[in-house]
């Protein structure tokens, strides 16, 4: 599938998540879920703060989040749901693929909402898988792609347009978040953490 077709397919499934009375926002995307509600997958750190959470869809409608289900603490994922106007959710869900099929050099694409004022502006970027790591909180796939603030929680898709990862943290954020509990990481995870730290120190960030 061409990048243009992938971008077009992703657009109606991407949402912006934000708080009513707090700064900052993130990205999420529709997935198949419970009948009668709309289900959105995102990164847990996007929706972990207390406060009224809102969600804006591609048609610029704003919805109040009804429920947030945080995955187990070792995975940076959350499922957000809201009640649609009618009985069923009319927004298209993205298909979940298999990240085990990824290899170093595999092409990936990310679609999300960077920080650009209050307007709903999306960004579609491409990249290549650069490492298959095994860090805490489910961080396993590293890639070279130009992403910016606001894209956390965005879908990372393969050349078939299937979701193979959820965009989470850069190397810098990984180092900042995991440095405080290195002792709880396995030997393999500590090695991966050290590699991320070395990339940050050398100026090569993912």
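Computed from the coordinates by the stated procedures, all read-outs in this text should not be read as laboratory data. Since the structure is predicted, the reported quantities are computational estimates derived from the model, not experimental observations. No Cβ is skipped: glycine too gets one built from the backbone with ideal geometry, and neighbour counts run over all protein chains shown.
Relative contact order of segment 11-82: 32 percent, from C-alpha pairs under 8 Å at least 6 residues apart in sequence.
Shape analysis of segment 11-82 yields a ratio of the Cα radius of gyration to the Kirkwood radius, Rg/Rh, of 0.93.
Label-to-label distance for residue 69 and residue 32 is 1.5 nm, based on points extended 7 Å past Cα in the beta-carbon direction. Going by neighbour counts of Cβ atoms within 10 Å, the residues 79, 55 line up, fewest first, as 79, 55. As a proxy for reagent exposure, ranking 57, 27 by other Cβ atoms within 10 Å from fewest up yields 57, 27.
With R₀ fixed at 41 Å, the C-beta to C-beta distance from residue 1 to residue 131 puts the FRET efficiency at about 0.95. Remark: 53, 67, 86 ranked as 86, 67, 53, counting other beta-carbon atoms within 10 Å and listing the fewest first.
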